Amino acid sequence: MNAIGKHSVASALQLAGKLPAQGAPGSEPSSDSLHGSAKSGELREKFTQFVGEAFYGQMLKSMRATVGKPAYFHGGHAEEVFQGQLDQTMAEHLTKASASTFADPMFERQFPQLAEAKLASGLDELSQLRRQ
């Protein structure tokens, strides 16, 4: 992700109240806000949803652009609107199925503190497992 993309994602999350403003007094995240697995999980989920839907949406849009309109049996504007809605629905389903495979590494690069908090909580859960 380029510098402009990082800035806009961080700004959007600050506006949503997920991250403190940079450079503000007391902007150092507290351990409660960093280790809040519910907030971290929700942020990761929304990040994955955004990245997945943007990626798959653009992919489907590009695929549609490579195929021309048929000479016969084209539904006109109504078909184009339906295809847009169909592509959006397919992007949502593809995101739920497989977006985490490429969005998780992006999340860990963008928000290393939150990714470390998830890793630590995951190890704590694993340590609680016992053989029977």
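Brief remarks follow.
- Criterion violated by Q132 - all others in (1) modelled with pLDDT under 90; (2) in a helix (DSSP H, G or I); (3) more than 18 Å from V51 (Cα to Cα) satisfied: (2)
- Looking across the stretch 95-129, the residues that are surrounded by 11 or more Cβ atoms within 10 Å (Cβ to Cβ), closer than 22 Å to F55 by Cβ and at pLDDT below 90 come down to F111, L114, A115, K118.
- Selection from the stretch 80-94 of residues that are over 18 Å from V51 (Cβ atoms) and among the small types (G, A, S): G84
- Within the stretch 39-52, if we keep just the residues that are over 8 Å from the mean Cα position of the chain (by Cα) and of a type outside the set (K, R), the residue that is surrounded by the most Cβ atoms within 10 Å (Cβ to Cβ) turns out to be S40.
The values are calculated or read from the model by the stated rules, or taken from the named source; none is laboratory data. In this text, all values refer to a predicted model and were calculated from it rather than measured experimentally. Cβ atoms come from the backbone with ideal geometry, glycine included; neighbour counts cover every protein chain shown.
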